[in-house]
Amino acid sequence: MSSQYPELKGFYHLRETIGSGGFAKVKLAYHALTGEKVAIKIMDKRALGDDLPRVKTEIAAMKELCHQHICKLYQVLETETRFYMVLEYCPEGELFDYIVSKDRLDEAEARIFFRQIVSAVAYIHIKGYAHRDLKPENLLLDEDQNLKLIDFGLCAKPKGGMENHLFTCCGSPAYAAPELISGKQYLGAEADLWSMGVLLYALLCGYLPFDDEKIPSLYRKIQSGKYEVPDWLTPESSILIAQMLQVDPKRRISIQQLINHPWLRKGFNIPCEFESKYKMTLDEDCLTELAVHYGQKRREMETKVSEWNYDYLTASYFLLLEKKMKGRPVRLL
Ligand SMILES: CN(C)C[C@H]1CC[C@H](N2C(=O)N(C)Cc3cnc4ccc(-c5cc(Cl)c(O)c(Cl)c5)nc4c32)CC1
């Protein structure tokens, strides 16, 4: 198998294909030095065609986004024919399939997931990014049933900050905000908030608020802002959804208000934490283990890791840190 991917030989032990998304193939692999599982997204440059900029967008964004509810990028490899993205493995697959398997979620379970989604989106907005393709297919579950946001191929980092407008109409139609599909300029943060309203509705109802086989009638439904409120929704859930599915983006709830919203605080009594749990300082144990393994002084290793080249060393550091955060020994094999 690795003869097909010579660049990975000795660094990753490739296993089966675990999914494919459009122009990418995602394979399970083991990081040789730590034995940790990873997902490797493999893209053929020729097949990418004019989707190539999406890959560069995703890689650039994911290098800057380091958060407990965002799928972690560990390493990027580029050859003349391929891109490889070594990513955090999420064994429980897509939130979409989880909702389908349970028909719909009760309020308590939806709240746990939605707090994690709000945490991830608040973090990327503060970092100056809009995701622009928020939907259950782009939220994966890790081994502890925690959500990880993926697919930053359509994200935007508006020049001059998030208060500047965007123009590109993109993302999945059923989750797209009215202002986005009407071709007007829009604010990425406001469009993401609308998509999160559709997402919350999908979590609590098991189907979409706006749906139609034909795109033009789907767009009319979205722009009308009218959707069915099933009788199992509590008044509190309906109010929150209504605050997010406001056709006028200026009347729509903001992420700052969402973080403190009573519906999200119910049973937790603390706002959604959106700060990254990853420390900015390097972890001593991981640095020492790497220094010993590579026969380097700790200071030299610290300098090398701090370059964040997203090479094998970056992957080894992050995966050692994962092991430590999961209470496993901080040891290289
Ligand atoms: C339909 N989608 C647009 C693509 C689909 C590809 C397989 C993937 N997957 C699966 O479908 N399992 C069933 C297993 C699985 C396990 N770990 C994963 C870890 C990361 C990713 C991943 C995939 C893509 Cl295309 C990304 O851009 C990023 Cl940032 C991350 N996918 C994973 C993944 C889920 C999404």
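The values are calculated or read from the model by the stated rules, or taken from the named source; none is laboratory data. All values derive from a computational prediction rather than experimental measurement. When we count neighbours, we look across all protein chains shown, and the Cβ atoms used for this are built from the backbone with ideal geometry, even at glycine. Please note that ligands, DNA and RNA were not included when accessible areas were found on the heavy atoms of the full protein model with its side chains. Shrake-Rupley method; radii C 1.70, N 1.55, O 1.52, S 1.80 Å.
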Those residues of the stretch 161-185 which are within 16 Å of the ligand (Cβ to nearest atom), part of a loop (DSSP other than H, G, I, E, B) and surrounded by fewer than 19 Cβ atoms within 10 Å (Cβ to Cβ), in sequence order:
Cys170, Ser172
Please find, within the stretch 26-52, the residue that is nearest to the ligand (Cβ to nearest atom) out of those that are open to solvent by 50 Å² or more (accessible area, probe 1.4 Å) and within 30 Å of Arg328 (Cα to Cα).
Lys37
Test result for Val55, in a strand (DSSP E or B), near the ligand (Cβ under 10 Å from one of its atoms) and open to solvent by less than 50 Å² (accessible area, probe 1.4 Å)
no
Checked pairs for the stretch 3-19, first within 10 Å of Ala29 (Cα to Cα) and free of Cβ contacts under 8 Å to residues at least 12 places away in the same chain, second open to solvent by less than 100 Å² (accessible area, probe 1.4 Å) and within 11 Å of the ligand (Cβ to nearest atom), C-beta under 6 Å and 6 or more apart or across chains, list as Thr17/Lys25; Thr17/Lys27
In this structure, is Phe152 surrounded by 22 or more Cβ atoms within 10 Å (Cβ to Cβ) and at pLDDT 95 or above?
no
Can Ile181 be described as modelled with pLDDT of 95 or more and β-branched (Val, Ile, Thr)?
no
Scope the stretch 11-25; condition open to solvent by less than 30 Å² (accessible area, probe 1.4 Å) and either of a type in the set (A, V, I, L, M) or near the ligand (Cβ under 8 Å from one of its atoms) (or both); matching residues:
Leu14, Gly19, Ala24
Which condition breaks for Cys66 when tested against (1) surrounded by fewer than 19 Cβ atoms within 10 Å (Cβ to Cβ); (2) within 13 Å of the ligand (Cβ to nearest atom); (3) under 21 Å from Asp142 (Cβ atoms)?
(2)
Looking at the structure I just gave you, is Glu78 farther than 28 Å from Lys277 by Cβ and open to solvent by 20 Å² or more (accessible area, probe 1.4 Å)?
yes
Restricting to the stretch 257-309, what's the tally of residues that are without any contact (Cβ under 8 Å) to a residue 40 or more places away in the chain and within 16 Å of Ile117 (Cβ to Cβ)?
5
Answer yes or no as to whether Glu143 is surrounded by fewer than 19 Cβ atoms within 10 Å (Cβ to Cβ) and either among the β-branched types (Val, Ile, Thr) or within 30 Å of Ala60 (Cβ to Cβ) (or both).
yes
